[in-house]
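What follows is one structure encoded as structure tokens, with my remarks underneath.
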Amino acid sequence: MHNRVLIIRSEPALTSELLIQTYRDRGYLVEAVTASLPREDILRAAGDSQIAVVELRSDDSPMFELCEYLRAHWTGPLLILTSAFANADVVRVYQMGADGHYPYPCNMRVVMARTEALLRRSQGKLRVEARH
């Protein structure tokens, strides 16, 4: 079974396209939506996903509110990718319910490792299988 990932972005961007392609290359089924969709539509898309990845800028209050809404109505792991934040902003990300955080610019190998770790924990698989 393939894991589904929902990518939520403020607007389509080059980083988003690289992120989408990286997940697809790893065998994930990807749905990418923009935050301008009605919240109910984003929540419906999240319902079929095992993890949601949100691209968030520090000055984007509506995206913070969307993340809070998603966390209040959806129980899957929430990974936040952020532009350079002050420590107070990182704390806010976790207080709103994020399960993981990674700053831009993103190293895609690290993003994938964090994704896989969050999925293992959410699926009750705490043991890591050795990769050669």
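Below, the figures for the structure above:
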quantity: Farthest toward positive dipole pole in the chain [+1 Lys/Arg, -1 Asp/Glu at C-beta], among Gly47, Ala98, Leu118; calculated: Leu118
quantity: Per residue solvent-accessible surface (Å²) - the chain, probe of 1.4 Å; calculated: 57 Å²
quantity: Overall dimensions of the chain as given by Cα atoms, namely Rg and Dmax in Å; calculated: 13.9, 44
quantity: Dipole magnitude of the chain, debye to nearest 20 (Cβ charges: Lys/Arg +1, Asp/Glu -1, about Cα centre); calculated: 660 debye
quantity: Relative contact order computed over the chain (Cα-Cα under 8 Å; 6+ residues apart), in percent; calculated: 22 percent
quantity: Accessible surface of the chain, 1.4 Å probe, proportion on carbon and sulfur as whole %; calculated: 50 percent
quantity: In the stretch 18-123, the chymotrypsin sites (Phe, Trp or Tyr not before Pro) that fall in loop regions by DSSP, at most 14 other Cβ within 10 Å; calculated: none
quantity: Mean separation of Cα contacts under 8 Å (6+ apart) over length of the stretch 64-104, as relative contact order %; calculated: 50 percent
quantity: Distant-in-sequence amide H partners of Ala32 (H built 1.01 Å from N, under 5 Å); calculated: Ile7
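The values are calculated or read from the model by the stated rules, or taken from the named source; none is laboratory data. Source: prediction; values computed, not measured. We place every Cβ from the backbone using ideal geometry, glycine too, and count neighbours over all the protein chains shown. With ligands, DNA and RNA removed, areas are computed over all heavy atoms of the protein, side chains included. Shrake-Rupley method; radii C 1.70, N 1.55, O 1.52, S 1.80 Å.
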